[in-house]
Structures are given as C-alpha cells and as structure tokens.
Amino acid sequence: MEKIAGFDDWKDLFYKWQRDIGFEPALVKDYKFDAFYDEGTGPDIEFGDYKGRRKFAKLLDVPTQDMRDALLHLIFYQGDTEFGSSEQQRKLIDTAPSDYDRQCLLRVMREEQRHGWQMCHVLINNFGDSGKLEARKLLERRAYEGTRLLGAFNKPVENFIDFVTYTCFIDRDGKYQLTMLHHSSFAPLSRSMGPMLKEEAFHLFTGQTGLSRIVKAGKVPVEILQKYLNKWLSTGYDLFGKDHSSAAARFYRWGFKGRFDEAIAKELPKDLERLNEEARNLYYKEDCEIIESLNRSIPEGKPKLRAPDMKFNRQIGDYADKRYTVDGLDANALTEAEYQAHLAQVLPGPEDQKILEPILKTSNWMSSSNN
Ligand SMILES: [Fe+2]
Ligand SMILES: [Fe+2]
C-alpha cells in the first residue's frame, strides 16, 4: 500500500478496503462517514499520577516518550477491533433472516467502520508519521487471514446465531473498553468515546434482542445455542487481557484508561495490576444477568443457558492454555485427545451446522422483531 500524506489519502484507502472485504458502498446508500468529537468526560484528568491537571490536548502535552508510545498502541489496538469485526461479519449480508435483521447488520457494520475511521482520524491528526503508518496498517490486516491483532477478531462468524451472540457479548466488551477510554487523559481519545458509545448501545440491543428472539421462537435447540455462548463468552473473557497486568497499571497511572465504574467509584483501586481482572468480573456479572433474562423465556423443564466458567477455553491470562471444562473443572489430567473431545462437545462444530442448516433456512427461527 502507498504512503499517505493526510486524512484524505487515508479515506481513499478506506473505500478500497470496503470494496476489498465485499462491503459495497451502495449498501449504506447516502450515509457519510465522519469523525465525531464531543466534550468527553470534562477538561481535567480524573485519576492517576496527573490527576487534576488539564487533559492532554495534543501529543506533545503527554510528558514522556514511553507514554506517547503506549497511547499510540492503545489507539491502534482499539481501531483494529473495529475493522476486524466488519471483516468477520461480511459474509452475513445475504443470509439475514429478515429485512429488519439485514438493516441491523448493515447498521452495525457501518458503525464499526465509523469507529475504525474515528480511531484513524485520531491517529493521523495527532501522531505524525507513526500515526499515519498505523492507520494504514489498520486497513491491511484481515480477520479472515488471521492477521487482526487480537484472537477474538480472527474467529469465524458464520451465521446469524454467531452474529447476535457476538453483538451481545463481544460488543459488550467493546462497551467496557470504550467506557474505560472515555475517562482518558488524552483529550482527543476521551472526546471520541461519547458518540461511539451511543452507537455501541444499538449493537448490544441487536445482540440481546436477537438472542431473545431465538429463544422465544424455540426452533434452535438450546444445547446448540449454549455452544455459541461458550464460544463467544470465553473469547470475551480474554479480551480484558492478562489477570496481572503491569500495562493496565501504567495505563491507569498515566490516566489513559480508567475503570469501567470510574465515574461512580468511591475508592481508589486497591491493586493497579488487577484492573483487567476487576473489569472482567464486572463483565461476567453483566453476562450472567443477561443470560438470566434469556432463561425466563425458556419453558419449564427445558435446559437453561449459562455462562461458561471463566477458566474455560482461555488464551490469555492465568488460565491461558490450561485445561478446564466448560463448568470449570480441572481437566489438566485429561490427555490432549480427551480434552479436544470435550471442546468438540461444547463448542459449535460441523455436526451442529448440519442440524442448523435446515432450521436457518426457515423464516421463523427468530421470533418477529416486535415481540
Ligand atoms: Fe465499535
Ligand atoms: Fe459495536
């Protein structure tokens, strides 16, 4: 890809990227991609070593090179997830169960693209040549080639069950990340988050109502839906990062990334290296509440949905690459083959696809969107 001089050059690359992933611009009709900034959470730094000072308005206000490098990193990682998700969802455009669902999908995709656009706007306008380079690289990686930066954004999204589970639980991780960045000491980042969070709310709505409509229709076996929950929630747990994280501690001390409940937290964090773990625990609790509400639509006597144990199928953190069953039982004594057999039983696979195929071809496997 060619070098870019400024944001206009980057826009050309963005429109090429859209075509390359199969997202024809005509799909969003006259929607105009744009960067939006609001006031953020206020003018002053709210926590960490620089608390009480003015937020950093530009990169040179950020005191050290270490801090500037970390900030760049934080922003392009966020941007990478935004473009990755559209690449994951690109195959679904022609398989939506109804026109309503297709419109929801297209809206989610264009808003994720706008989030990526926003992060590139921050990179290009604040980070000089390194910002331009990273903004360009954000359009060069591809989820379906496995080159997105976080594993979650390289996983296959094959059908609309994937889509609604993803928007319910992976976009929920997005809500956590954006909320934590909303309090950022770097003003352009903090000021980007309000509009993004508003859009994110629609993604969560699409996911949760989508799952609820699947449960209400009663056509997709609950046991299979459970496998999709196992797939995406375990992925969502990973997205919070390592349990012990010196990077999270630094981000907090530098004011770049707050806690999810920073706005209402009454006490200072007890252990800065445990911030990822704390956020993950809040996320898990919220997931459980959503699953509880889905279960209210499952008739008595039928199996209920549940969140997979937080130790299950983890690639990041204290439980990475250790063997635990979906219920959290220590499976380290199992042989590799036995463990793989357990995974095949509890994660969606070819057998499930076979069962789902005729169901997903019918028109009523998700209940109508108005009830
Ligand atoms: Fe997003
Ligand atoms: Fe989203």
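The values are calculated or read from the model by the stated rules, or taken from the named source; none is laboratory data. Note that this is a predicted model, so its numbers are computed, not measured. So basically every Cβ, Gly included, is an ideal-geometry build from the backbone, and we count neighbours across all protein chains shown. We work out accessible area using only protein heavy atoms, side chains counted, and drop any ligands, DNA or RNA first. Shrake-Rupley method; radii C 1.70, N 1.55, O 1.52, S 1.80 Å.
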For this session: Kindly identify segment 274-364 as rounded, prolate or oblate by the Cα gyration tensor criterion: order the square roots of the eigenvalues as a ≥ b ≥ c, call it rounded if a/c is under 1.5, otherwise compare a/b with b/c, prolate if a/b is larger, else oblate.
Result: oblate
For this session: Please calculate the 1.4 Å probe accessible area of residue 180, with all protein chains present, and give it to the nearest 10 Å².
Result: 10
Seminar exercise, completed: Given a Förster distance of 41 Å, the FRET efficiency implied by the Cβ-Cβ spacing of residue 64 and residue 142, rounded to the nearest 0.05, works out to 0.75
Problem set entry | Apportionment of accessible area to carbon and sulfur, segment 139-283, percent (1.4 Å) | 54
For this session: Evaluate the distance, in nm, between pseudo-label points positioned 7 Å from the Cα of residue 263 and of residue 129 along their respective Cα→Cβ axes.
Result: 4.1
Problem set entry | For segment 120-163, radius of gyration divided by Kirkwood radius, i.e. Rg to Rh on alpha-carbons | 1.15
Exercise. Can you list the lysines whose alpha carbon is less than 16 Å from that of residue 175, not counting same-chain residues fewer than 8 positions off?
Worked result: 198, 257, 285
For this session: Classify segment 25-157 as rounded, prolate or oblate, taking a ≥ b ≥ c as the square roots of the eigenvalues of its Cα gyration tensor: rounded when a/c is under 1.5, otherwise prolate if a/b is larger than b/c and oblate if not.
Result: prolate
Problem set entry | Length released on extending from residue 15 to residue 302, taking residue separation times 0.36 nm less the Cα-Cα span | 98.5 nm
Seminar exercise, completed: Per residue, accessible area of the chain with a 1.4 Å probe, heavy atoms of protein chains only, in Å², comes to 45
Seminar exercise, completed: Expressed as a whole-number percentage, the relative contact order of the chain with C-alpha contacts under 8 angstrom and at least six residues apart is 19
Exercise. Given the Cα-Cα distance of residue 334 and residue 363 and 0.36 nm per residue of separation, how much length would full extension add, in nm?
Worked result: 6.2 nm
Seminar exercise, completed: Looking only at aspartates and glutamates whose Cα falls under 15 Å of residue 29's and that sit 8 or more positions away or on another chain, we get 111
Exercise. Amide H of residue 37: which non-local residues (sequence gap of 5 or more, or other chain) have their own amide H closer than 5 Å, using H built in the peptide plane?
Worked result: none
Exercise. What accessible surface, in Å², does a 1.4 Å probe find on residue 99, ignoring ligands, DNA and RNA and rounding to the nearest 10?
Worked result: 100
For this session: Would you mind checking the pairs 219/354; 91/304; 242/311 and listing those with alpha carbons more than 23 angstrom apart?
Result: 91/304
For this session: Counting other Cβ atoms within 10 Å, keep those with at most 10, restrict to DSSP loop, and tell me which GluC sites (Glu not before Pro) in segment 1-71 are left.
Result: 2, 39
Exercise. In deg cm²/dmol and to the nearest 500, what is the mean residue ellipticity at 222 nm of the chain if only DSSP H runs of at least 4 residues count, each as -39500 (n - 2.57), divided by the residue total?
Worked result: -18500 deg cm²/dmol
For this session: Under a 10 Å cutoff between Cα atoms, tell me which one of 336, 158, 82 has the largest fluctuation in the Gaussian network model of the chain.
Result: 336
For this session: Return the long-range amide H neighbours of residue 44 (sequence gap of 5 or more, or a different chain), with a cut-off of under 5 Å between placed amide H atoms.
Result: 55
Exercise. Among 142-148, 115-121, what's the highest-first ranking by average C-beta atoms within 10 angstrom per residue?
Worked result: 115-121, 142-148
Problem set entry | Gained length - residue 321 relative to residue 242, 0.36 nm times residue gap less alpha-carbon distance | 27.2 nm
Seminar exercise, completed: Listed by chain and number, the residues whose amide H is under 5 Å from that of residue 324, excluding neighbours fewer than 5 places away on the same chain and using placed H, are 313, 331
